[in-house]
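Peer 1: Let me give you the structure first, and then I'll get to my questions.
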């Protein structure tokens, strides 16, 4: 019998909801079948904890006396440049921004020790950071310079706003060349020396709801240790890729744009990260509750690592040159054994996304729901799905001739 | 016979001398070079596994120290900061000796000092800088 989100919320409030994690539902569906599982279980909690570059935060820092118009000027937090093309005292910091004087890759491979993701982690940890701003001065905003310490509690609003998180599946990265390469998928040793993957697999939110039947715009989620919302599909959301018989995409597909109050969040679930030779970013913890509204949704949520396939992609040539194709596919159960075979060679695997942290997030979200501290929300609009006719376009360059 | 793993730091003045030769010839030690580097300012760093009789090991190390070579036991060279580790497992394929180990039932990383040869391959692959070389 089908349930509604409203009915599940009533059960949560009455302490009668049955909540299990995306790992626990696997055995339940196997033993009892999807129909019985959907009748007995109300919510399945998922989790993921991995680097997500399209992340950032915006702040309203409050007005100075006399006033300053940072909008159109420049602003840094701990020397990391912020975006200022907004109103007078609204600024945005992106996860991959780094200080102007960072040496980057001038001595290759660069270390990228500190960037926007690290600033966000420090702020969330309650630390003060140094804000420096320069403005051009107007009649109504005469001040031109500002140099102050600031922490989250000094700000009016501090909002995490991530245009693309939570990728539904991802590539397995390898290196076919004769030289070591440094990528956002980690260091890849030459001649298929190692293979790195980046997904929580059977715990990952969008892999448990492959057609976005419950996750939509307005879905309340665990975000960075606090609460947040799905606010749109993420950038590069691409539902129309090749899928398995179980509906699960066999490569990167759907994505989420999410936001939430940074002041509630925790540095355990928002961590600055540095990828040698590549850059810096933010590792984000996200957990999405899936209401088991019917048998079909229960069946999807019971997906296991061995049923989720990913494409093996060469990051020495195929990826950088935007050459389509893959060297084959493997499932996450194979990846997690520590070795896969590519072109006849057995090679060791490493993760970029933390499965153990993903499991903790799914457990924390389950505990919050059971403690009646987290209610499910009704999506206000669905995410584009397989019928949306989306094709991801490469940039159609129209070069401008120099005169 | 005893085994000892050591990290030797050579000042620039000694980089040109055949010191390991003397360890073999004069102290009858077996050497396995685990790692060797000469930094841009010409300081040398050598990670060695020494095998020999206890007395000869002690005398060999005393000889190195007398020359001005800094001798450190190897295991203390790399430190794993558990509080910074997120168990992403990026270090696992990088480690040649399974000193960084993964319990696959819970997908959690642990560090086993006794297996570490301080090759430092893990240092730059950790996105959270949870591995540190102590010099």
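Each value in this text was obtained by applying a stated rule to the coordinates, not by laboratory testing. All of these numbers come straight from a predicted model, not from anything done at the bench. As a convention, Cβ positions derive from the backbone with ideal geometry for all residues, glycine included, and neighbour counts pool all protein chains shown.
Peer 1: What does the convex hull of the Cα atoms come to per residue for the protein assembly as shown, in Å³? Before the final figure, lay out the partial values.
Peer 2: Details: hull volume 114.7 nm³, N = 538.
Expressed per residue, the convex hull around the Cα atoms of the protein assembly as shown is 213 Å³.
Peer 1: Select from A:160, A:131, A:262 the residue whose mean-square fluctuation is largest in a Gaussian network model of chain A (Cα-Cα springs shorter than 10 Å).
Peer 2: In this elastic network of chain A, the residue with the biggest mean-square fluctuation among A:160, A:131, A:262 is A:131.
Peer 1: Translational D (Stokes-Einstein, µm²/s) of segment A:251-403 at 10 °C and 1.306 mPa s when Rh comes from the Kirkwood sum over C-alpha pairs?
Peer 2: Calculated translational D: 80 µm²/s.
Peer 1: Right, here's the next one. Could you identify which residue out of A:279, A:224, A:247 has the top mean-square fluctuation in a GNM of chain A using Cα springs shorter than 10 Å?
Peer 2: A:247
Peer 1: Where a ≥ b ≥ c are the square roots of the eigenvalues of the C-alpha gyration tensor, would you call segment A:1-122 rounded, which needs a/c under 1.5, or, failing that, prolate if a/b is larger than b/c, or oblate?
Peer 2: On the way: a/c = 4.92, a/b = 2.06, b/c = 2.39.
Cα axes put segment A:1-122 in the oblate bin.
Peer 1: Moving to a separate point now. Which semi-axes, in whole Å and largest first, does the equivalent ellipsoid of segment B:80-133 have when worked out from the alpha carbon gyration tensor as the square roots of 5 times its eigenvalues?
Peer 2: On the way: eigenvalues 45, 35, 19 Å².
Taking √(5λ) for each eigenvalue gives 15, 13, 10 Å, largest first.
Peer 1: Assign one of three labels to segment A:327-403, namely rounded, prolate or oblate, based on the Cα gyration tensor with a ≥ b ≥ c the square roots of its eigenvalues; rounded applies when a/c is under 1.5, prolate when it is not and a/b is larger than b/c, and oblate otherwise. Walk me through the numbers before you get to the answer.
Peer 2: On the way: a/c = 2.47, a/b = 1.18, b/c = 2.10.
Oblate is the answer for segment A:327-403, as a/c is 1.5 or above yet b/c matches or exceeds a/b.
Peer 1: Starting from 0 in steps of 5 Å, tell me what percent of the Cα-Cα pairs of segment B:2-76 lands in each bin.
Peer 2: Percent of Cα pairs in each bin: 3, 17, 29, 29, 15, 5, 1, 0.
Peer 1: Can you tell me how segment A:153-247 classifies by the Cα gyration tensor, rounded, prolate or oblate, using a/c under 1.5 as the rounded cut?
Peer 2: On the way: a/c = 2.82, a/b = 1.46, b/c = 1.93.
It comes out oblate by the Cα gyration axes.
Peer 1: Just report the Cα centroid separation between segment B:106-135 and segment A:350-380, whole Å.
Peer 2: First find each Cα centre; the distance between them is then 29 Å.
Peer 1: Highest GNM mean-square fluctuation, chain A, Cα pairs closer than 10 Å: which of A:251, A:185, A:155?
Peer 2: Maximum fluctuation in the GNM of chain A, among the listed residues, is at A:155.
Peer 1: Next question, about the same structure. Hey, could you grab the Kirkwood Rh for segment A:58-158? Inverse mean 1/r over distinct alpha carbon pairs, Å, one decimal. Could the numbers behind the result be given before it?
Peer 2: Details: mean 1/r = 0.0713 Å⁻¹.
Here the Kirkwood hydrodynamic radius works out to 14.0 Å.
Peer 1: Sticking with this one: Determine the relative contact order of segment A:58-158: mean sequence separation of Cα pairs under 8 Å and six or more apart, normalised by residue count, in whole percent.
Peer 2: Numbers: 216 pairs, mean separation 35.0, N = 101.
Reported relative contact order: 35 percent.
Peer 1: Please report the antiparallel percentage of DSSP beta bridges with both residues in the protein assembly as shown, rounded to the nearest 5. Write out the running numbers ahead of the final one.
Peer 2: Values: 94 of 104 bridges.
Within the protein assembly as shown, antiparallel bridges account for around 90 percent of the total.
Peer 1: Under the definition of Cα pairs under 8 Å and six or more residues apart, what whole-number percent is the relative contact order of segment A:111-203? Write down the numbers at each step before the final one.
Peer 2: Numbers: 104 pairs, mean separation 16.3, N = 93.
Once normalised by length, the contact order is 17 percent.
Peer 1: Under a no-solvent Debye model with one identical scatterer per Cα of segment A:277-361, what's log10 I(q)/I(0) at q = 0.15, 0.18, 0.20 Å⁻¹?
Peer 2: With one equal scatterer per Cα and no solvent, log10 I(q)/I(0) is -0.84, -1.08, -1.18.
Peer 1: I'd like the mean, over residues of A:344-356, of how many other protein chain beta carbons sit within 10 Å of each residue's own Cβ. Spell out each step's value before the answer.
Peer 2: Details: counts 0, 0, 0, 1, 4, 3, 11, 11, 4, 4, 10, 7, 11.
That average works out to 5.
Peer 1: I want to check the label-to-label distance for residue B:104 and residue A:326. Put each point 7 Å from Cα in the C-beta direction and report it in nm to one decimal.
Peer 2: 2.1
Peer 1: Let me ask another. Alpha carbon centre of segment B:1-80 versus segment A:140-175: separation in Å?
Peer 2: 49
Peer 1: Once the Cα atoms of segment A:149-209 are picked out, what are the Rg and Dmax in Å?
Peer 2: In Å, with Rg to one decimal and Dmax whole: 18.2, 52.
Peer 1: Pop out the Kirkwood hydrodynamic radius of chain B from its pairwise C-alpha distances, inverse of mean 1/r, in Å to one decimal. Could the numbers behind the result be given before it?
Peer 2: Details: mean 1/r = 0.0620 Å⁻¹.
One over the average 1/r among Cα pairs gives 16.1 Å for chain B.
Peer 1: I would also like to ask the following. Remind me, relative contact order of segment A:248-403 in percent, using alpha carbon pairs under 8 angstrom and six or more residues apart?
Peer 2: Working: 103 pairs, mean separation 24.5, N = 156.
Computed over segment A:248-403, the figure is 16 percent.
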